[in-house]
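Report on the structure given below.
The values are calculated or read from the model by the stated rules, or taken from the named source; none is laboratory data. The model shown is predicted, which means the values in this text are computed figures rather than measured ones. Cβ atoms come from the backbone with ideal geometry, glycine included; neighbour counts cover every protein chain shown.
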Amino acid sequence: MFDEREKIALMIDGANLYATSRALGFDIDYRQMLVAFQKRGYVLRAYYYTALVEDQEYSAIRPLIDWLDYNGYRVITKPAKEFTDASGRRKVKGNMDIELAVDALDLADTVDHFVLFSGDGDFRALVESLQRKGRRVTVVSTTSSQPPMIADELRRQADVFIDLKSLQDEIGRSGGDRSARAKPAEDEFDDDDNYGDDD
């Protein structure tokens with residue numbers, strides 16, 4: 001599945017990964033995630049993408065972002081857009097698909113193997129484009145939840161699919177340090193992620 005000589009880039013769709021791990025009932029320990037993939041190959045880059053609500057004095061995701069920034073991850077953020085839906089509920093929208101896709105394509109000349117942490121079907125075209133450039137793409141999401149968190153066309157396009165549930169013992173948080181596993185406020189977002197059934 002992995003060749004230890006490969007240069008690997010981790011591309012983490014923060015909101016999608018959070019929703020997936022929550023559906024499986026565990027939290028991610030990002031320190032352990034880095035260690036787990038460093039054992040599989042040479043991790044050249046690890047990107048974490050998330051939108052931030054700028055006007056809040058305190059955001060629950062801020063400690064996680066600060067920790068990631070100082071511990072081997074490159075954090076890509078942009079302001080989330082706030083709106084009120086038809087039923088009057090406050091919603092926050094923050095989609096980072098374009099930023100992730102542009103960075104992946106920029107890295108295609110130097111990275112051998114991309115590991116995409118997302119089940120969003122919108123990434124199928126990105127995966128196909130990277131494969132045309134001779135790059136391998138592993139997608140990490142889950143089919144173990146009801147409904148599955150991965151779009152079928154993304155799973156089919158990937159060179160390898162890893163069910164996040166199978167990584168739980170390696171990257172799931174346990175009792176210790178809270179800094180690497182601060183609970184993000186990703187559940188507030190409506191980021192147009194397409195899990196099982198795409199439009």
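Contact list please: Cβ distance under 7 Å, first residue in region 1-14 and surrounded by 14 or more Cβ atoms within 10 Å (Cβ to Cβ), second residue among the acidic types (D, E) and assigned to a loop (DSSP other than H, G, I, E, B), pairs at least six apart or on different chains.
Close Cβ pairs (under 7 Å, with a partner that is among the acidic types (D, E) and assigned to a loop (DSSP other than H, G, I, E, B)) amount to E6/D112; K7/D112; D13/D120.
Name every residue in region 30-53 that is modelled with pLDDT of 95 or more and of a type in the set (A, V, I, L, M), in order of residue number.
M33, L34, V35, A36, V43, L44, A46
If only one of Y70, Y58 is modelled with pLDDT of 90 or more, over 19 Å from G119 (Cα atoms) and surrounded by fewer than 14 Cβ atoms within 10 Å (Cβ to Cβ), which one is it? Quick ask: steps written out before the conclusion?
On the way: Y58 fails: modelled with pLDDT of 90 or more.
One residue alone meets the criteria, Y70.
All but one of (1) touching a strand residue (DSSP E or B) at 6+ places or on another chain (Cβ under 7 Å); (2) surrounded by 19 or more Cβ atoms within 10 Å (Cβ to Cβ) hold for Y42; which doesn't?
(2)
Which of the numbered conditions does D192 fail, given that it passes all the others? Conditions: (1) surrounded by fewer than 15 Cβ atoms within 10 Å (Cβ to Cβ); (2) modelled with pLDDT under 95; (3) out of contact with any strand residue (DSSP E or B) (no Cβ under 8 Å at 6 or more places or on another chain).
For D192, the exception is condition (3).
Just one of T138, T142, T110 is in contact with a Phe, Trp or Tyr (Cβ under 9 Å, 6 or more places away or on another chain) and polar (S, T, N, Q); which is it?
Details: T142 fails: in contact with a Phe, Trp or Tyr (Cβ under 9 Å, 6 or more places away or on another chain); T110 fails: in contact with a Phe, Trp or Tyr (Cβ under 9 Å, 6 or more places away or on another chain).
Step by step, each of T138, T142, T110 is checked, and only T138 is in contact with a Phe, Trp or Tyr (Cβ under 9 Å, 6 or more places away or on another chain) and polar (S, T, N, Q).
Given the condition farther than 24 Å from F123 by Cα, surrounded by 13 or more Cβ atoms within 10 Å (Cβ to Cβ) and either within 17 Å of the chain's Cα centre (by Cα) or not polar (S, T, N, Q) (or both), answer yes or no: does some residue in region 15-26 qualify?
Here is the first cut: in region 15-26, the ones farther than 24 Å from F123 by Cα are 25-26.
When the remaining residues are screened for being surrounded by 13 or more Cβ atoms within 10 Å (Cβ to Cβ), the result is 26.
Restricting the remaining residues to those that are either within 17 Å of the chain's Cα centre (by Cα) or not polar (S, T, N, Q) (or both) gives 26.
Yes, region 15-26 contains a residue that is farther than 24 Å from F123 by Cα, surrounded by 13 or more Cβ atoms within 10 Å (Cβ to Cβ) and either within 17 Å of the chain's Cα centre (by Cα) or not polar (S, T, N, Q) (or both).
Could you tell me whether A101 is at pLDDT 95 or above, closer than 16 Å to D13 by Cα and not charged (D, E, K, R)? Before you say what the answer is, go through the steps one by one.
Numbers: at pLDDT 95 or above: yes; closer than 16 Å to D13 by Cα: yes; not charged (D, E, K, R): yes.
Judged against the criteria, A101 is a match.
Restricting region 27-46 to residues that are assigned to a strand (DSSP E or B) and closer than 20 Å to V111 by Cβ, which is nearest to the chain's Cα centre (by Cα)?
A46
Out of (1) in contact with a helix residue (DSSP H, G or I) (Cβ under 8 Å, 6 or more places away or on another chain); (2) surrounded by fewer than 21 Cβ atoms within 10 Å (Cβ to Cβ), what's the single condition that is false for A151?
(2)
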